[in-house]
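Notes follow the structure.
Bear in mind that the values in this text are calculations on the coordinates, not laboratory data. As the structure is a computational prediction, the values presented were derived from the model and not from experiment. FYI the Cβ positions are ideal-geometry reconstructions off the backbone, even for glycines, and counts take in every protein chain you see.
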């Protein structure tokens, strides 16, 4: 596993920073289907009954409304589950953890595999499936540890650096090929035209 890959930081956080804690007696199971602009939220109680669904904006105002709505239905400790969706779910995760709620970030593949063959698909149905998943796993849940701001920043910096390195290769590799296979005039003009971009990328990478 690459030290620069996003998965490294996830496993690093899970394996080295997860605190041992007693299993809580969860009473409300919240599934959140995250998209770029919206959050579909499904609620399931301890017996598996679907007790509510609502859609919220994926922004700070929506987060506050979502939290109030969850608390209005909670008759005990809630547990919230959502799929890893990269940046789309990050601010919500941080908000919920700062609000002292337990959050379980799970692989979409794991949730889909647990659900088996299902009929139909919608954001509402997906939110209930996530809630039902976390209900079924309530006795062996791995609650996602509270985020570490320094680790998150380091992850973002290295991810950005990887993108810049990739962009550098995409610019310089064709130029090197021109030097071998094109006319000297073509090579020199294109190489000179790309120098500002190359120098800018070098500065950003270093």
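Each peptide in 72-82, 24-34 gets a packing score, the mean of other Cβ atoms within 10 Å over its residues, and the list from highest to lowest is 24-34, 72-82. The structure-derived value of Rg and Dmax of the Cα atoms in Å appears in the list (i) 19.2, 61; (ii) 22.8, 76; (iii) 19.5, 70 under the label (ii). Between the helical axis of 6-17 and the longest alpha-carbon principal axis of the chain there is an angle of about 50 degrees.
Across the chain, C-alpha contacts under 8 Å between residues 6 or more apart give a mean separation that, scaled by the residue count, equals a relative contact order of 23 percent. Sorted largest first, the principal axis extents computed over the alpha-carbon atoms of the range 150-205 equal 49, 18, 8 Å.
Peptides 168-181, 83-96, 142-155 ranked from most to least packed by the mean count of surrounding Cβ atoms within 10 Å: 83-96, 142-155, 168-181. In the chain, the calculated helix contribution to ellipticity at 222 nm averages -18500 deg cm²/dmol per residue, counting -39,500 (n - 2.57) for every DSSP H run with n ≥ 4. Relative to the longest principal axis of the Cα atoms of the chain, the long axis of helix 149-181 lies at roughly 30 degrees.
Which percent, nearest 5, of DSSP beta bridges in the chain are antiparallel? The partial results should precede the final answer.
Working: 14 of 25 bridges.
Expressed as a percentage, antiparallel bridges in the chain total about 55.
Can you give the angle from 0 to 90° between the axis of helix 87-98 and the longest principal axis of the chain, with both taken from C-alpha atoms, to the nearest 10? For 87-98 against the chain, the angle is about 50 degrees.
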